[in-house]
Amino acid sequence: MPLTPQPLLRRVAETSRPAVPFVLDGQPTTALEGDTVLTAILTQHPRLRHNEFSQEPRAGFCMMGACQDCWVQTDSGERLRACSTFIRAGMALHTGTASAADGAST
């Protein structure tokens with residue numbers, strides 16, 4: 001049986017911030033109010049996306065919106081910089097791989 005990939009980030013202290021529901025790769029999940037899209041995804045997945053050329057896993061790089069490494073897409077096709085966009089209730093985000101929705105390999 002294959003191992004289920006673990007999220008890249010783990011919260012070490014929960015806060016009293018309200019939960020924000022969103023959809024990630026077709027699966028309903030939650031983040032905390034005030035989380036960036038990057039944090040919301042990486043607390044659920046082992047990577048943010050795959051590199052377009054090498055297919056290697058990526059998790060952001062500069063964390064300030066300058067490097068172009070954290071782009072993710074919404075259901076509507078809008079591209080967002082995950083490190084500088086705050087999660088909003090109802091967002092539907094894609095990490096860019098079909099295997100992400102079923103928990104397959106990274």
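Just so you know, all these numbers are worked out from the coordinates, no wet-lab data involved. Being a predicted model, the structure only gives us computed values, none of them experimental. Neighbour counts run over all protein chains shown; Cβ positions are idealised from the backbone, glycine included.
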Given [x] 2, 10, 18, 24, 23, 14, 6, 3, 1, 0; [y] 2, 13, 24, 27, 20, 10, 3, 1, 0; [z] 2, 12, 21, 25, 20, 14, 5, 0, the label whose value is P(r) over Cα pairs in 5 Å bins from 0, in percent derived from this model: [y]
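Quick one: work out Rg over Rh on the C-alpha atoms of the stretch 22-79, Rh as Kirkwood radius. Don't jump to the answer; show the numbers that get you there.
Values: Rg = 11.6 Å, Rh = 12.3 Å.
Result: Rg/Rh = 0.94.
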Phi angles of the stretch 65-73, converted by Karplus (6.51 cos²θ - 1.76 cosθ + 1.60, θ = phi - 60°) into ³J(HN,Hα) in whole Hz with x for Gly and Pro, give x, 9, 8, 6, 8, 10, 5, 10, 10
Proxy reagent accessibility, fewest Cβ within 10 Å first, across Cys62, Cys83: Cys62, Cys83
Can you list residues whose amide H is under 5 Å from Val20's amide H, if they're 5+ apart or on another chain and H is modeled 1.01 Å from N? Ala31, Leu32, Glu33
